[in-house]
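Report on the following structure.
Every number here is computed from the coordinates shown, using simple stated rules; none is lab data. Only a predicted model underlies this, so the values are computations on that prediction, with no experimental measurement involved. As a convention, Cβ positions derive from the backbone with ideal geometry for all residues, glycine included, and neighbour counts pool all protein chains shown.
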Amino acid sequence: MAKHVRHPRISDVGPDWMRSVGAIRSIMSVSNSVVVVWDSLPALTYRVDFSTNLVQWTTVSPPISNLLMTASWTDNGSLTGGPPASKPTRFYRVRLVP
């Protein structure tokens, strides 16, 4: 009889505080750009995803890591199909990169 081997998932690795991304603190419109700011932990790496419909998501940021307790990314339209003001709806999410 074959034995089932369970492979670890990202949710199984490390303590909860390392797997979760803090809440997005703010999304601000600044000079035809949008700035996304979130709580972060030093030395962890994050990416920002973008969607217009909450179904299809595209990674639009490079890996973001710093030594601060907050991080940010600016949507100037170059990676999201045009300036933020040109689209009626945009959604952003922040992911922790393993």
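Within the shell of other residues whose beta carbon sits under 12 angstrom from the beta carbon of VAL94, the net charge comes to +2, with Lys and Arg scored +1 and Asp and Glu -1. Contact order for the stretch 20-97, expressed relative to its length and based on alpha carbon pairs under 8 Å spaced 6+ residues apart, stands at 37 percent.
Averaging 1/r across all pairs of distinct Cα atoms in the stretch 20-97 and inverting the result yields a Kirkwood radius of 12.7 Å. For ASP49, neighbours were defined as the other residues whose beta-carbon sits under 12 Å from its Cβ, and their charges (Lys and Arg +1, Asp and Glu -1) total +3.
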